[in-house]
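**Q** Dropping a structure here in structure tokens format, bear with me for questions.
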Amino acid sequence: KTFDGPLEDDPKYRKYFKMLKVGLPMGAVKNALQRDGLDPSMMDLDPEKSITSQLNKEEDIIDNGPPLKDDPQYSKYFKMLKMGLPMGAVQNAMQRDGLDPSIMDLDPEKSMEYQKAMANRKVKKKKTQVKEPKKPKVRRKKIYWSPIEESKIDDNSIWSMIKGSFD
């Protein structure tokens, strides 16, 4: 049985939202979730909405179309591959026929519609990811050299070899 109310009222996650309200940093709360065997990414969800409404499962999309290799529009090109033609030649034939050659990179066992739907879902997920903050620039300290008096240079040092050449 799953809780269908707001995420912050879920008995499983209630104490973690209380930790946030008290002022603990998000990283500490996520570590506590992980320590307790729960998914830390749940803290990234909206606490006002239910878990089921926010989590889109991949089972929602059902692959009921013909596999790409059996699709009448593309079966000819998969037969060309089967006969031993190089991938580049098959992609050129597709381009010549006015089709997108990148289709040959898709899974031939799944339908075209299913793979497009899954690609759109991945794009949506990528847009919602949080970018990491940029690291601050470190300003390097300048080093100033002061010249050594020639009377202080030892005759056995490397500086004695170039003595007097920079006047």
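**Q** Being open to solvent by less than 80 Å² (accessible area, probe 1.4 Å), within 30 Å of residue 111 (Cβ to Cβ) and not in a helix (DSSP H, G or I): is that true of residue 65 here?
**A** Criteria met by residue 65.
**Q** Here is a further query. What number of residues within the stretch 116-145 are of a type outside the set (Val, Ile, Thr), at pLDDT 80 or above and loosely packed, with under 10 Cβ neighbours inside 10 Å? Outline the logic, then answer.
**A** Keep residues of the stretch 116-145 that are of a type outside the set (Val, Ile, Thr), which gives 116-122, 124-127, 129, 131-137, 139-142, 144-145.
Now narrow it down to the ones that are at pLDDT 80 or above: 116, 134-137, 139-142.
If we keep only those that are loosely packed, with under 10 Cβ neighbours inside 10 Å as well, we get 134-137, 139-142.
Residues in the stretch 116-145 being of a type outside the set (Val, Ile, Thr), at pLDDT 80 or above and loosely packed, with under 10 Cβ neighbours inside 10 Å: 8 in total.
**Q** In addition: Within the stretch 13-26, does at least one residue satisfy the condition of being closer than 27 Å to residue 118 by Cα and out of contact with any Asp or Glu (no Cβ under 7 Å at 6 or more places or on another chain)? It would help to see each step written out before you state the result.
**A** Here is the first cut: in the stretch 13-26, the ones closer than 27 Å to residue 118 by Cα are none.
No.
**Q** Would you mention how many residues in the stretch 11-30 are outside any helix (DSSP H, G or I) and closer than 20 Å to residue 49 by Cβ?
**A** Qualifying residue count, the stretch 11-30: 3.
**Q** A further question follows. Would you confirm, using the coordinates I've provided, whether residue 160 is surrounded by 10 or more Cβ atoms within 10 Å (Cβ to Cβ), among the hydroxyl-bearing types (Ser, Thr, Tyr) and modelled with pLDDT of 85 or more?
**A** no
The values are calculated or read from the model by the stated rules, or taken from the named source; none is laboratory data. Since the structure is predicted, the reported quantities are computational estimates derived from the model, not experimental observations. FYI the Cβ positions are ideal-geometry reconstructions off the backbone, even for glycines, and counts take in every protein chain you see. SASA here: full protein model, heavy atoms, side chains in, ligands and nucleic acids out. Shrake-Rupley method; radii C 1.70, N 1.55, O 1.52, S 1.80 Å.
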